[in-house]
Every structure is written in C-alpha cells, then in structure tokens.
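Colleague: Please find one structure pasted underneath; my questions will follow.
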Amino acid sequence: MAEDTSSPMDRFCGSTFWNATQTWWTNDPDFTPCFEQTALVWTPCAFYWVFVIFDFYYLKASLDRNIPWNKLNVTKALVNLGLLVITALDLIMALIKKGGDSELPLYDLDVWGPIIKFATFLLVFIFIPLNRKYGVQTTGCQFIFWFLLTVLSIPRCRTEVRLESERQKILDSQQPSEQDFSWEEYQFVSFFIFFTFTSIMLILNCFADGLPRQTKYQRGENEIPELSASFLSRITYQWFDKMALKGYRNPLEEKDLWDLRPQDSCSEVMPIFAHHWNQNVRKNYKNKARVEPKAQFSNGNVTFENPHGEKNGRKKGMASIMPPIYKSFGGVFLFGALMKLFTDTLTFAQPQVLSLIISFVEAKEAEPEWKGIMYSVLLFVLAAAQTFILGQYFHRMFIVGLRIRTALINAIYRKALRISNSTKKESTVGEIVNLMAVDAQRFMELTTYLNMIWSAPLQIGLALYFLWQQLGPSVLAGLAVMIILIPVNGVIASRIKTYQIRQMKYKDERVKLMNEVLSGIKVLKLYAWEPSFEKQVLDIRDKEIATLRSTAYLNAGTSFLWSCAPFLVSLVTFATYVLTSEANQLSVEKVLVSINLFDLMKLPLTILPMLSVDIAETQVSVNRINKFLNSEELDPNSVLHDSSKPHPMSIENGEFSWGDEITLRNINIEVKKSSLVALVGTVGSGKSSVVQAFLGEMEKLAGVVNTVGKLAYVPQQAWIQNATVRDNILFGQTYDRKRYNKVIDACALRADIDILSAGDLTEIGEKGINLSGGQKQRISLARAVYSDADLYLLDDPLSAVDAHVGKHIFEEVIGPKGILARKSRVLVTHGVTFLPQVDSIYVLKMGEISESGTFDQLVKNKGAFADFIIQHLQEGNEEEEELNQIKRQISSTGDVPELLGTVEKAIKLARTESLSDSISVTSADSLMGGGGSLRRRAKRQDSHDSVASAASLKKKQEVEGKLIETEKSQTGGVEFAVYKHYIKSVGIFLSVATLVLNFVFQAFQIGSNLWLTKWANDEKVANDTGLRDMYLGVYGAFGFGQVLSKYLSGLALAIGGLHCSMNVFNKLLNTGLKWPMELFDTTPLGRILSRYSKDVDTVDSVLPAITVQLLNTCFGVLATIVVISLSTPIFLAVIVPIAFLYYFAQRFYVATSRQLMRLESVSRSPIYSHFSETVTGASTIRAYNVGDRFIEESDAKVDKNQVCKYPSVIANRWLAIRLEMVGNLIILFASLFAVLGGQTNPGLVGLSVSYALQVTQTLNWLVRMSSDIETNIVSVERIKEYGETKQEAPWELEQDKNKPKNWPQEGRVEFQNFQVRYREGLDLVLRGVSFNIQGGEKVGIVGRTGAGKSSLTLALFRIIEAAGGRISIDGVDIASMGLHMLRSRLTIIPQDPVLFSGSLRINLDPFEIKTDDEIWKALELSHLKSFVKSLAAGLNHEISEGGENLSVGQRQLVCLARALLRKTKVLVLDEATAAVDLETDDLIQKTIRTEFKECTVLTIAHRLNTILDSDKVIVLDKGQITEFASPTELLDNPKSAFYSMAKDANLV
C-alpha cells in the first residue's frame, strides 16, 4: 500500500472505493467491494437513525397497550438477535484473523463496519418489546430500513458469488496455492447468513403485530382494519380491498361500515381543541383572572369558555378559531407538509431523467443498452415513490380536515346552546345551521390544498432554476408573461369573490323564502297566493342568475387565461431564445425538457389563483364562525340558586328586557313552597316574559331572580323532538312503567296514543308535524310531569286543549289535588275557571304587575282583575258546574253584586248550550292541523275495527313513502335519460360546440408540440434565419388556434350552464307549487327543500365546473394515447391490458364511492336537523338542564357521519394509488419501448415520454371527474323527478274570464251526493253528502272527531278533489273552473294563523292591489289599528319568520284582517279558539257577526255558543250528514244526535 494518492475512503477500506470504469463506462456494470460494504450498508442505517424519532412519537401517541407475545414478534426478536450475533461475530473474527501477527492488515472498515451495523440492529431490537408494550402494531421506519438494507445488499450478493467462483477456479487448478482464503470464505458465509436474515426481517415486517390487550376505547368486531394493518398494507391501502369488493358486489349499507378510528372521534378531538380555544379566549382578556387546567373530557363534557367574557372583562378583540386550530392539528399538518416537500423534489427529478433518455436515444449506437433500461426503471421508481408519498400526504390532510370539521361543528353546537336572545334575533335558525353545514364544511375542503401556499411558489422556483440551465436568461421573458398574468387573475378572482358573496346572500334569501312558502303551502293554496310568492322567489332568483352570469363569464376568462398561459410562456421564451443570438439553436432535449418543466409549472400556477379565492372564501367563513362563537351568551348568573331565601322561586324588583327596550319592570313575585301561582292578563301583557325571566332567558337589568331546585318548563308553543312519543315524554330519563302510565292518564294522552299507528312508539315528524296542537301541548306537559322536578313553570299549557280536557288536566295534574300538588308551580292562564283554586294570582298589565293576591282579595278590590272576570263571563263559554263554583266563590267573598249578576246570566246561557267534541283531539279536526292529522283522521273514519288495518296501512304507506327516495339513488349508474335531459337543458348546439372546440384545442396542442420537435430536428435552421422565422411563425399560429378554440369552448360552456340553471329552476318552482296537497303531506319538508337549495346549487355551480374539467381530462388522455402510439406503435398492445386494469379500478371505485357518498350525505343531514331542532328548543333544553345530553347526541351524530365519511376519503386514496400505478406502468412501457424499440427520432421519443409523464395525474382526474359527474348529475335526476310529479288542476282556465268580477253574487252553496277521499287507495271521507245553503245563511258544522268536518271545507276549496258528486256555488260546478278563480273568490279564516316574513302589508295583501285606506280599515275592524299605529314602521313593520314577533293572538287577528280585505260572499271559519285568549276570540266573533252579515258563513264549531245563533246546523257522522236543521229544532227533538251531543256535555 505504498501510493497515498487514494481518498480517505480508500484508506478506510484498504481498497478502491469508487471505480468509474468498472461501474459506469462498461457493458457489465458492478460496484467495488468497498462501496458495497460502506455506502450501501450505511445508507439504510443512517436513514433509520434519522427517522427513528417518528417511532418514538408513535409510542407516545398510541392509545393502546400490551400486545401479547406471538409467533410474529417472537420470530422478529429471534432473527434480530441472530443478526446481532452475526455482526458481533464479524467483529471478533476480524480482530482474530486480521491485524497483529497475521499477514492480513486490519482496516478501519473491519472494526467500524460491524459496530455501525450492531448499533443499528440493537436500536431496532429495543423497539420490539417497546412496540409490544405500547401497542404499536406496525412501524414504517423499520419496514423501510429492512427494505433498503435488503435491496442494497443485492449488488454485494452478485460480487460475493463471482469472487467465490473465482476462488473455486484457483483451488481447482492443480497448482498448490499458498493463499489462505479462510477470511474470504468466512466473509462469504457470514454475508449470506446476514442477507438471509435481513430478507426474513423484511418479510416479517410486511405483517402487523397482534391485537393489543388493553385499548383506551372498546374495539368492536366491526373495527376498522387500518388499526391493525401492516405498514405495507397501509401505504397500498390493501386493507380497503374488502370494502371495495363488497361495495362492488352489492350496494354498501350502514352495517357494512367500520367503526371510527378512536383518534378521529369527538371524544379525542374535542378536549384538545377546547383546551387551545380556552387558552386563546383567556389571552384575549386583559385581566387574566383565572387560569384553567387543561380541558378534560370528564364524563364527556368539554367546557368552552365564553369569549364574550364577564361584563367586566375588557375585551381586546375577537377570539379567533384559527390559533386553536393550528395548535390542535398543526402537528399532523406539518408532517404532511414534509411529505409534500419530498414529492415536489421528486417531481423535478423526472425532467432530468427525461433529458438523459433523450440523449441516450440520440447516441443510440455508442451507449450500452443497460443504461436505457436503467433510465426507464428509474423514471418508474421516481413516479412510484411519488405516488405512495402523495397518497399518504392527502390521507393525512383529509384527516386534519375531518378533525377540524368535527371541532368546529361541536364548538358551534355547544355555543348555540348558550347564545343570548339578542344574538338569536340577529340570525335565523337557517343561518346558524349554515355555519355548520357550509362554513365548517368549507374548511375541510380547503385543508387538502392549503400546503400549496408554499409548495406552489417552490415548484415554480425549481422549474425556473432548471429552465435557466436549459435556456439561460430567455426564461425571464416567459416568467414575465406569467407574472403579468397573475395580477390579471387576481383582479378576476377578487371580482369572482364579490359575486360569490352576493350569490350566497341571494341563495340564503331564496332558500329562506322557499322554506316559508313550503311550510305555509296550505295557506297559500287556500288563499290562492302562489303567484305572488312565486314572483318573489323568481325576483331573488333573477338577481342570483345575474351574479351567476357574471361569475360564469369571469370563470371562463380565468380558465382560458390559464390553459393558454403555458403556451404563451413557451412561445415567448423560445422566441426570445432563438432571436437573441444566432448561436442559440433549439435542440430536441432543450425543447422537450423545457416543455415538460413549463407543464410542471402549469399546476401550481393554476392552483394559486384558485387557492387565493378559496382562502378568501374560507376567510369569510372564519369570520362568520368567529362572529358567532364570540357573540353574547346568556348570563348564567342572572338567576341565583340561593337556598337560604324563604321561598323556592322569587323575583325582587326585577327589570327585564329582550335586548332592546324594557319589557318588564317592577316585578315582585314570590312562589311559596308547594303553592300554585297564576299569572293572568291580556294578550301581550308580559305573562310569558315573566316565565322566561325565571328561566334566565331574558336580559336582567336590575333586581334578583332566585330559584332553588330542579326546574321543569312547559313552553307556550310546545317544542317536540323528531323522536317517538315515548322519547319525547321521557326526555332522557329512564322508563318507569308505573310512573309513565300515571303521567299519560293524568295528561289525557291515553286516547291519542291508542289512535297513533304504533302507539307511543310512533315517530313524530319534524316540529311535531303529525300531531295536533293540543296533542303537542299535552306531550310537552307530560314531559314536565314525568321529569319529577321541584319547580314547574307552565306557560299556558291549557290553551290548545278542549275545555273538559283542560279541566281534567287541571284536576289531575296542576290543581291542588293533582300529581304536582306538592311542587311549586307558576301557571300562565287565560281561563277564569281554575282561578278560585289557585293559591295566589298576579295580574299583569303592560309589563307591570297591576295587582296580586288570592282570588277573593282580587275580587273585592274591584280592580283590573274584576273587569277581567266580567269580560270573560259575558262570553259564556264556561261549563255550568264551573260557573257554579265561581259563583259560590264570589258570593262567599260578600258584597260584589254586579259580579254575581254576571255570573247568574252566564249560568243561564251555559244551560242552553254546550257542545264539545267528545274526544280531545280538538285541533286534529282543524283545517290546518298539519298533514298528519288529516291522514290519521282519514283512516279513523270507518269504525273502530279498522284501526288495526289502518295502522298497518299507515306503516306500509310510510315505508313506501320513505323508500321512493333511497331506491332512486341506489340503482347502479344514472340512466342515460338524465344526461340527455341535462344536455337538452344546456342546449344541443352549445353542447356540441363545446365538444368540437375542445377537440380542436387538443389538435392544435399536439400539432404545436410535433412542430417544435420537427423544428428542433431540422439541421438547416442553424444557417438560415428565414427558415427559423417560418418555424416560429407557424408555431405562433398553432398557439393562436389553441387560444381561440379554448376561449370559445369556455364561453359556450358558461352560457350553457346558465341556460340549464334557469330552465331547471323555473320548471322546478313552477311544478313544485302546483303539487296537489297530498304530495306535501307525504313528503317531508326537508326533502323538498333540499331540491331547492342543495340540488339547485349543484346545477348552478358544481356541474359546470366539473364538466369543464371532465372535458379537459378526457381529451388530455386521448391526446396522450395518440402521441405515444405515433412514436411507438407497439405501445397499443400494452394499452389494452392497462385499459382493463384501469376500467376495473374505476368500476370498483365508482360503485363503492357513490354508495359511500350517499350514506355520508344521509348521515350528514341528521347532524343539521338535530342542530336546528336544538336551536329552536334551546330554552327548553336549558330549563331542563339537559344540555350535556344533547351535546352527547350531537357528538354521536357527528361521529356517525365520520364513520361514513372516512371510508369515502380512503376510497379516493385507494383508487388514486391503483390508478397512478397504472399511469406509472404507462410511463415504464412508453420509456422502455422508446429505448429498446427501433425509434431513432429523439424528438418523438421525448414527446411520448413527456406525455406519458403527465398521464398519471390526468387518468386520476378522469376517474374522479367521471364519478363526480355521476354523483352530481343525481341532482339533475332528482329535480327532473320532482318536475314530473303529478300536478293539481290548472290555476286559470279560459272560460273563467267571462265570469263577473264579483262572482259569487249570492253565495249559494250546494253539495250534491258528494264523495271525497284524501288519497288514492284510502277510504272515502265523505260518502255522498247532499245539502243546500241559501246565500247569506249562517251554518254551523258539528260532529265528533273524524266525522269529516274539515274535509268539507277542504273539498270546497278543492284542496282534495271529488271522488263523486259535485259542489256548486251560485249554480256553477266548482270542478269546472280554475283553482285560483275558485279559491280567490272564497275566504277562509284558518285555525292556525300562518304569517310569512316580510312586511305586514305583504301579509295582508301580497298582490299589492288594495289601497292604504282599505288596509287601515281592515286593521281597525280587526282591532289591530292601535297596535300597528304604535309600530315605528307601521304597515311596513317587518314580520319575522313564521310571525314570531307577534303574539299568537295578534297573528289570529291578522288572519281576520286578511279575510276582511278579501270580503267575498262565502266565508269559511275554521273555529280557531285554541290559541286565542277569550278576549281576542270575542273580538273576532263580534267582527264576523257585523262585517259578514250579508255573506254565507260556514263555521266548523268546537264550541256551542258560536253556532247557536246560526240559521242551520249540519251534524256529520262518519262522513255522512245525519241532521240538517236549525239548532232550536234539533234541540227540541230528544232523539237527535245534536241533542245527545248537548247531553254528553251535560247541557240538557
């Protein structure tokens, strides 16, 4: 070893480290032994030492513990031990055999080689028991380490085998050799043992360890395979195969889905987020008052602090959700970012390899073939590595997205339970739900792309660097073009954004209006008001379309700019390059590598502007969420719970407001233990507000409110959950049969439950749609009674029930002998009857307490209370025995003669009259009783025996009604008819134009690339500038063709999309409003509404965008195949099997993914509906203090949604990895054939490989887009299906026009043998009814529940169409006229007052045809004038959704005013006494008697006094008229049914 010119590595090994002639410039490449034993072994070791930190992280993060010893980990440990032994042995043998006395020198390698290996193996060995203890089932670092070690040992295998055969030759040759080969022989054996062991370790690491014994969360048998999948299975997503197969064979159902990974569930995500949120909130307050411990998930409660702070905390600014999000989820995100960085670098290695391939083809003869093959394989390996890493990257990002969404949804939910009323007023329920549905969702969609913020500029920078190497400073010209385009795009993007915000606003308005229209559709039909509302919706829609149009043009502009950007850039760059100097000539390599690099820049450049728009949109969302999460909350300390006070409930000197002006002042109330306190007063005097003040719902301005004990609350408007009757009553408590039955009987629910199809397990629709008002109210009361609280706040629970039911409930529940006798109760009431039995009474007037005391004291005072009673008794609608009671009570107080006189009169009246439905379903009979009740009654008609069959029929119908929807989307692909419908809506011409233009665009693009390679190959150009300019000119012309065709196709699509939006929506709206009422009864409102919101939105904005991308990718793939086949025709042979693979992956994926997306959207709506239910019932939830239970329910629903969402995310990755591998195969074959085939034109070879390089992404997008189209075209299908449903009769007919303006002039109504049923296949409700009413007669209609009273009025308005017979008005058959003609000439005062949001004026006169004077006159007659005068805006007073800002009585009066404005000859009065206090009722009756003197009035009666003075009475029974005569005549005949009804009511 004399010469010392060798490198340090040579000295280290004692032999040459790198020999280029042996490794590179040869036909038979090999490494030197030194290189094999150092570089190839230390690379994996170094890798492991660097990345072992991840293994430690996984130990820390693991939720499980204690994997039992099993075959796998024992084998791993043993083999690893074997490796340790063999390395130790290597060291010992080296020390024995070499150095010292022996003639073999001992080199550093012989010592350090084994030591490095030993240390690494020891580290790996330590992790075996550690992973076992911490329940880590598989680790990626170890797998990669063994993989690298095995692969990199292969060259040494070859070397060792060769050396061994050489040694054999020497030994075999006869010369006795002095050489001692024992050391080499030992190395040979030891290496192969080592190699075998590493290979075994690699194989063992392909499998995951057993299941851990201890897990933080229960692992069900439905556990997700990912948790115990090996690293290999995880990166290839092989564990998903089972699901894909199952989904392909038959549609997936919910039970096929796996459980959620614990780390993604609410119980893991929430505490982390809450902890950081609370930190952030605290940071926002200058007075750092309290430092909280880390948020604990104690029994499932996460506490969020209130950013609105105590009243005293000075606020620095809004607490934002961003910092907590970074802190909670930043770790995973950063890891993802690291992967992204890695793939970005890999991407730019590809053009380098490409240029190697091109130069290889150019020098075909000189180079050995193995280099070409190596380049091809290298290209493939780069692409494959990129595929796997990107797969993991997206997977990680999606998980972060899902977790952020979970965190936000839950934060919003928890906040919604605590917002104050002033906050609630600022936004409708819909807007709050939107925060969850739209804004939180948007976050999730953004996370995947967020890393592009830094990745895109990085990619652009790298591309420029490599381009500079190819083309020098000319690149700057191209860069300039790009940079000019960016601000242009920025401007367009910001315009698009303003339009989008505007469009969102219009969309919200439109959906809100549609929601009201659909909720009140029955009223619209009865009043024939649809055209007015249709116009209102279309007005909003027109504005929306206008913004959509602007957006569409701008979008076409951007897509055009971006698809032409790469071309413009390359044109400018190449032109600059060749024109700047004669010496600059284009070579094939320069051209293709540059084009490739420009293409790589295309994606980041396209994404940047899109990203900026997305980020801006998300910023809007963030602001909306921040505003909501920072809004004011109810003050939890406004109600004290001080048990030292004498009484359980009290308010002292209270002043309260609803956020604006003071509503209650000087309130002093005491409720003694176990006493019953009544609050009385006129409508709007503040009775309910007092109850709210006790609950802490109002803003307390002064005074002290105190409650001690558990509360129960019955609101005035019952809040019913979408659950079974039993669940509504139990309200989260355990079911105690005895107590439950007692409560049900006390609340008079037994009869109702028997009627329901599944008893108390019947599911109640949203907002209690299939129950009558009275039933809802009683269920609400039963809930309170069952909860067995200490304090009861009853806000008028008896208003919606019949008198005798009310009496029963008072006696059994509320009164001194009821179930609640031992509790402290506050009762708001309108009735006088029960007041004598109350312990004390508070009389409210104008928000103050005018007097209080016992019944006797108040009667003696002769104050407001006495007037109140006199007023009531005059109406004479109390039962006789109750009046007697009041009389006794009053006479015992002495000296109140005038009161006594009134009572006497009332008793006389009561004797002569009384009629009440014998069963308590008062308002089930109402016209407006919600679809459910009509349906139920329709079936109860016949007799009691049919109840069972009716129940089963209803079941069947419900099932049928529900299934229609699910079945639709289940069947495999979407039918071609739907696509045809969509294309037709877009317009045939525009569709064809788009296709042709796209085709032309691709043709120009391929042309320009081929032209470039031709130019680059042309030798003559170097000397001939004219030729060069010709080439440049043609290239420019090709480019111009691209630009033009692209722009036109973008425009065609944009216009087509708009066309389609307009057509589809107008048709949907038009047909939707013309549905017959029965369809609205059987279709849940939410389902109809989602057509108008989500599906329309899809057609508006989603479909056009996808179509553009689909067309681009489709033509892109075609172009690639064409180009590759041009250069290497043999490629076509490979295309077929590859296409098969591709097709299979695609079919499997689409089948599974579509179903998963369906399941996901099905499981998503419960989150929102539960949320909107919670927002509506927040005060009840708070009163009962069950917020935590609701939060848990919401969490469970979110988790369930994730269960469906997660597999669909994985399905995407599963597909991506498989497809990209297909794409990588295309790259491999394209480059292999190019290298091995006979193709000598380097230009074509390069072109085909560079096209192949892009195909991977394109293929991926193609499947994505085609399945997206399939998923989204379903919206078109649903809208189409709704547009083709059955319609009601036409609204207007020609012959209507010749009817006189004031028809009907007399108001004669005649029924001839009239029959009607609610729906096909149901029994008749009216069976041959005949009667004749003269013009101007007043007729009362009575009958037990289900006798068909409401059916009569519904038939009169043709809400249900005749099944036989006819109805004529003034001799004209009503079936012969248009519905609007008929309905606009009749007037109805419905039972439930429905108002729409908008001005008061629009609610009275939506067509704006009446003058102000007429409207004021109507308001005066309906006793609203003073109220409206007192409003600031007068007639333009904005009424909120559903009329929430008027009291129920005022709403009823508005309905009366509507009737007065129309003033037609026929008035139908559906007795609406339920919701109205007696005073208002009295006003209504008076007005009707005076104002409608001349008209025919049909009254559906629930009480006798309203119809005793009528001219005739119709008694209905089971759909037939049993009696038709004047009331006196009927009462004289003891045999009449009317008489027996009166008798039932103890009147005769």
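Colleague: Testing I67 on (1) among the aliphatic types (A, V, I, L, M); (2) buried (at least 16 other Cβ atoms within 10 Å of the Cβ); (3) in a helix (DSSP H, G or I), one condition comes back false. Which one is that?
Modeller: (3)
Colleague: Can you give me the number of residues within the stretch 1319-1343 that are farther than 29 Å from K1493 by Cα and in contact with a Leu (Cβ under 6 Å, 6 or more places away or on another chain)?
Modeller: Number of matching residues: 0.
Quick grid of which residues meet (1) at pLDDT 90 or above; (2) open to solvent by 10 Å² or more (accessible area, probe 1.4 Å); (3) out of contact with any helix residue (DSSP H, G or I) (no Cβ under 9 Å at 6 or more places or on another chain):
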| site | (1), (2), (3) |
| --- | --- |
| A803 | no, yes, no |
| K823 | yes, yes, yes |
| L835 | no, no, no |
| L844 | no, no, no |
| F855 | no, no, no |
| D867 | no, yes, yes |
| I870 | no, yes, no |
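Colleague: While we're here: Looking only at residues that are open to solvent by 40 Å² or more (accessible area, probe 1.4 Å) and of a type in the set (G, A, S) in the stretch 1118-1156, which one is farthest from the chain's Cα centre (by Cα)?
Modeller: A1133
Colleague: Report, by residue number, each residue of the stretch 247-267 that is in contact (Cβ under 8 Å) with a residue 40 or more places away in the chain and either under 23 Å from Y217 (Cα atoms) or of a type in the set (K, R) (or both).
Modeller: E254, L257, W258, D259, L260, R261, P262, Q263, D264, S265, C266, S267
Colleague: Among the residues of the stretch 40-50, count how many are closer than 19 Å to P129 by Cα and either open to solvent by 20 Å² or more (accessible area, probe 1.4 Å) or over 44 Å from the mean Cα position of the chain (by Cα) (or both). Walk me through it before giving the result.
Modeller: Here is the first cut: in the stretch 40-50, the residues closer than 19 Å to P129 by Cα are 48-49.
Right, trim to either open to solvent by 20 Å² or more (accessible area, probe 1.4 Å) or over 44 Å from the mean Cα position of the chain (by Cα) (or both) and you get 49.
Selection size over the stretch 40-50: 1.
Colleague: Would the stretch 1220-1237 turn up any residue that is free of Cβ contacts under 8 Å to residues at least 24 places away in the same chain, open to solvent by 20 Å² or more (accessible area, probe 1.4 Å) and in a loop (DSSP other than H, G, I, E, B)?
Modeller: no
Colleague: Taking the residues in the stretch 1165-1176 that are closer than 26 Å to I1273 by Cα, at pLDDT 85 or above and out of contact with any Lys or Arg (no Cβ under 8 Å at 6 or more places or on another chain) as candidates, determine which candidate is least open to solvent (accessible area, probe 1.4 Å).
Modeller: Y1168
Colleague: Among the residues of the stretch 1012-1033, write down those that are touching a Phe, Trp or Tyr at 6+ places or on another chain (Cβ under 9 Å) and open to solvent by 50 Å² or more (accessible area, probe 1.4 Å).
Modeller: K1014, the sole residue that qualifies.
Colleague: Those residues that are closer than 12 Å to V1329 by Cβ and open to solvent by less than 80 Å² (accessible area, probe 1.4 Å), I need them from the stretch 1520-1534; list them, please.
Modeller: Residues satisfying the conditions are I1521, T1522, F1524.
Colleague: While we're looking at this one, here's another question. Looking only at residues in the stretch 103-161 that are part of a loop (DSSP other than H, G, I, E, B) and touching a helix residue (DSSP H, G or I) at 6+ places or on another chain (Cβ under 7 Å), which one is farthest from S15 (Cα to Cα)?
Modeller: Y134
Colleague: Can you pull out the residues in the stretch 121-158 that are more than 47 Å from the chain's Cα centre (by Cα) and of a type in the set (S, T, N, Q)?
Modeller: Across the stretch 121-158, the qualifying residues are T150, S153.
Colleague: Here is a further query. Could you list, ordered by first residue, the pairs with Cβ atoms under 8 Å in which the first is in the stretch 39-66 and more than 23 Å from G210 (Cβ to Cβ) and the second is among the hydrophobic types (A, V, I, L, M, F, W, C) and not in a helix (DSSP H, G or I), at least 6 apart or interchain?
Modeller: Once the first residue is more than 23 Å from G210 (Cβ to Cβ) and sits in the stretch 39-66, its partners that are among the hydrophobic types (A, V, I, L, M, F, W, C) and not in a helix (DSSP H, G or I) give L40/F31.
Colleague: Right, here's the next one. Show the residue pairs that are 6+ apart or on different chains and have beta-carbon atoms under 6 Å apart, the first residue being within the stretch 1343-1356 and free of Cβ contacts under 8 Å to residues at least 60 places away in the same chain, the second being open to solvent by less than 10 Å² (accessible area, probe 1.4 Å) and among the aliphatic types (A, V, I, L, M).
Modeller: Taking only residues 6 or more apart or on different chains, the pairs are A1355/V1316.
Colleague: Only one of these is of a type in the set (S, T, Y) and assigned to a loop (DSSP other than H, G, I, E, B): T1180, T1174, T1240, T1256. Name it.
Modeller: Just one listed residue meets the conditions, T1240.
Colleague: In the stretch 838-860, which residue that is among the aliphatic types (A, V, I, L, M) and outside any helix (DSSP H, G or I) is farthest from L827 (Cα to Cα)?
Modeller: That would be M846.
Colleague: Let me ask something else. The conditions are (1) surrounded by 22 or more Cβ atoms within 10 Å (Cβ to Cβ); (2) closer than 18 Å to S674 by Cα; (3) touching a Ser or Thr at 6+ places or on another chain (Cβ under 8 Å), and L794 fails exactly one of them. Which is it?
Modeller: That leaves (3) as the condition not met.
Colleague: Moving on. Just to check your reading of the model, which residue among S563, S550 is open to solvent by 10 Å² or more (accessible area, probe 1.4 Å), part of a helix (DSSP H, G or I) and at pLDDT below 90?
Modeller: On the way: S550 fails: at pLDDT below 90.
Just a single option satisfies the conditions, and that option is S563.
Colleague: Output the residue which, of all residues in the stretch 346-397 that are free of Cβ contacts under 8 Å to residues at least 40 places away in the same chain and out of contact with any helix residue (DSSP H, G or I) (no Cβ under 8 Å at 6 or more places or on another chain), is least open to solvent (accessible area, probe 1.4 Å).
Modeller: That would be A363.
Colleague: Only one residue in N250, N299 is modelled with pLDDT under 85 and open to solvent by 20 Å² or more (accessible area, probe 1.4 Å). Which one?
Modeller: N299
Colleague: So, one more: Helices (runs of 4 or more DSSP H) wholly in the stretch 442-540 with at least 2 residues that are within 24 Å of E617 (Cβ to Cβ) and among the hydrophobic types (A, V, I, L, M, F, W, C) - which ones?
Modeller: 452-471, 475-519
Colleague: Within the group S474, S422, which residue is surrounded by 18 or more Cβ atoms within 10 Å (Cβ to Cβ), touching a residue at least 24 places away in the same chain (Cβ under 8 Å) and over 16 Å from F333 (Cα atoms)?
Modeller: The conditions single out S474.
Colleague: A follow-up question, please. So if I check each of L379, L402, which one is of a type in the set (A, V, I, L, M, F, W, C) and in contact with a Phe, Trp or Tyr (Cβ under 9 Å, 6 or more places away or on another chain)?
Modeller: L402
Colleague: Output the number of the condition that S581 fails; it satisfies all remaining conditions of (1) in contact (Cβ under 8 Å) with a residue 12 or more places away in the chain; (2) farther than 26 Å from S455 by Cβ.
Modeller: So the condition that S581 fails would be (1).
Colleague: Something else: Please identify the pairs in which a residue from the stretch 1105-1134 that is of a type outside the set (S, T, Y) has its Cβ atom under 8 Å from the Cβ atom of a residue that is surrounded by fewer than 19 Cβ atoms within 10 Å (Cβ to Cβ) and not in a helix (DSSP H, G or I), counting only partners at least 6 apart or on another chain.
Modeller: Taking only residues 6 or more apart or on different chains, the pairs are I1130/G1237.
Colleague: Sticking with this structure for a sec: Return the only residue of K97, K169 being touching a helix residue (DSSP H, G or I) at 6+ places or on another chain (Cβ under 8 Å), farther than 26 Å from W49 by Cβ and modelled with pLDDT under 90.
Modeller: Step by step, each of K97, K169 is checked, and only K97 is touching a helix residue (DSSP H, G or I) at 6+ places or on another chain (Cβ under 8 Å), farther than 26 Å from W49 by Cβ and modelled with pLDDT under 90.
Colleague: Something else about it: Just to be sure before I move on: is I1167 in a helix (DSSP H, G or I), over 16 Å from the mean Cα position of the chain (by Cα) and either on the phi > 0 side of the Ramachandran plot or not acidic (D, E) (or both) in the structure I sent?
Modeller: Taking the combined requirement at face value, the residue does not satisfy it.
The values are calculated or read from the model by the stated rules, or taken from the named source; none is laboratory data. All values reported here derive from a predicted model rather than from experimental measurement. Using ideal geometry, Cβ is built from the backbone for each residue, glycine included, and neighbour counts are taken over all protein chains shown. In case anyone asks, the SASA skips ligands and DNA or RNA and just uses the protein heavy atoms, side chains included. Shrake-Rupley method; radii C 1.70, N 1.55, O 1.52, S 1.80 Å.
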